[in-house]
Amino acid sequence: MYIKKYLRMWTFLIPILAWFSYVGNSVFSSGYYSVILTLFLIGSVLAAVYHSEVIAHRLGEPFGTLLLAFAITIIEVGLIISIMMGAKGLETITLARDTVFAAVMIILTGIIGSCIVIGSLRYREQSFTLQGVSTALITLTSVIIFVLILPNYTVSHLGGEYTSLQLLFIALISLGLYLGFTMIQTFRHRSFFISPQNKLSENLPVESNNKIISTKQLYINCILLILSLGIVVLLAKLLSKDVEHIVVSVGAPKSLVGIIIAGIVLLPEGLAAFRAAKSDQIQTSLNLAFGSALASIGLSIPAIAIISVMTGIRMTLGIDIKSTILLGLSLFIITVSLATGRTNIMQGIVLIAIFLIYLFITIVP
């Protein structure tokens, strides 16, 4: 039966076993056990992708992708705050900036570029609704400049930092823009975020699209998604010290840790976006990508800013000129590439090239 297809046993077992393995770390702590934890981390990511796809199928677009983006952002915020609270002094003053900037670059160049290439190799061209993409781009561009670039040019505080008042005000504006975008995406202009080939089915009764997956199954998948994402952040935090040790031992800059954290957090959405592009649903891929990028800044930064002000932890947000150039180039290429409502393989190749340069310049500054 169709329902049994969505009840594969491994999607239940892996998150549960991962939680037990996390608890057992205090007893079996060793290098070999870290490898086991890494495998459970990867398995939990795959389980999260599976359950998110079931939920997205039940809720329909764009609610399914919005739910996954929101869940991933909660995990990202929890991971960043937990590491910042556990560190001493100024060790993590740039962690939030590095992680958020890495998330934006991974999404704009790595994920979107790969999705375009995957879709183009199979379907040559793929179409999407232009109004939704342009709405997401103008919102994302504004929030990025407010959070990552403007701090370098304020004079109340030097070193790319906002004062507490500035930080709270920018966080409020960013949150307001994200909530406004969410209202546009889910209610006022929902059709902007539905694939052109799927708009004919938009007016069908809800029961005809969702009757295959029961409400009970939806609740089960929601619980399993939370369990999967929760253990992802706990395992990522647990393994972060090993990652930082490896980064330092090979002589790479600490900003690489932010890229690795962002990569782990975004892996469920990235895999879901790739599978959507492979199924000729580039609209879903773009919804996931832009929704994640907006949530990473519009939700993460306000939450982290409030914690930062309350606890007195300093936080540098402004990026350097090298990162500003790469970010500006990425936004420009994305805007030009997605201005026609159709994708082709060269757009994706250029974005992937920018992503590879970003990684290389980070490792070899």
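The values are calculated or read from the model by the stated rules, or taken from the named source; none is laboratory data. Since the structure is predicted, the reported quantities are computational estimates derived from the model, not experimental observations. No Cβ is skipped: glycine too gets one built from the backbone with ideal geometry, and neighbour counts run over all protein chains shown. With ligands, DNA and RNA removed, areas are computed over all heavy atoms of the protein, side chains included. Shrake-Rupley method; radii C 1.70, N 1.55, O 1.52, S 1.80 Å.
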- Message: Suppose the chain between R314 and V243 were pulled fully straight at 0.36 nm per residue; how much longer would it get relative to their current alpha carbon spacing?
- Response: 23.2 nm
- Task: Work out the length of the dipole vector of segment 259-365 about its Cα centre, built from +1 on the beta-carbon of each Lys and Arg and -1 on the beta-carbon of each Asp and Glu, and round it to the nearest 20 debye.
- Result: 40
- Message: From Cα pairs below 8 angstrom and at least 6 apart in sequence, can you work out the relative contact order of the chain, rounded to a whole percent?
- Response: 39
- Of the heavy-atom accessible surface of the chain (probe 1.4 angstrom), what whole percent is carbon and sulfur? 71
- State to the nearest 20 debye the size of the charge dipole of the chain about its Cα centre, where the only charges are +1 on K and R beta carbons and -1 on D and E beta carbons. 640
- Counting pairs of alpha carbon atoms under 8 Å apart in space and at least six apart in sequence, what relative contact order in percent does segment 222-365 give? 20
- FRET efficiency estimate (nearest 0.05) - Cβ-Cβ, M9 to T38, R0 30 angstrom: 0.85
- Task: Calculate, for R342 and V27, the FRET efficiency according to 1/(1 + (r/R0)^6) with r their C-beta to C-beta distance and R0 56 Å; round to the nearest 0.05.
- Result: 0.50
- Query: Over the C-alpha atoms of the chain, what are the Rg and the largest Cα-to-Cα span, Dmax, in Å?
  - Reply: 20.2, 64
- Item | Prolate/oblate/rounded call for segment 277-365, Cα gyration tensor, a/c under 1.5 rounded | oblate
- Rounded to the nearest 0.05, what FRET efficiency is calculated for F20 and L158 with R0 set to 35 Å and r the Cβ-Cβ distance? 0.15
- Item | Difference of contour (0.36 nm per residue) and Cα-Cα distance, L150 to L121 | 6.5 nm
- Message: Can you give me the Rg/Rh ratio for segment 319-365, using Cα atoms for both radii and the Kirkwood formula for Rh?
- Response: 1.04
- Item | the chain: most fluctuating residue of P302, P15, P253 per GNM, C-alpha cutoff 10 Å | P253
- Task: Mind checking which of A272, Y123, L234 is farthest towards the positive end of the chain's charge dipole, using Cβ charges of +1 (Lys, Arg) and -1 (Asp, Glu) about the Cα centre?
- Result: Y123
- Heavy-atom accessible area per residue - the chain, 1.4 Å, Å²: 46
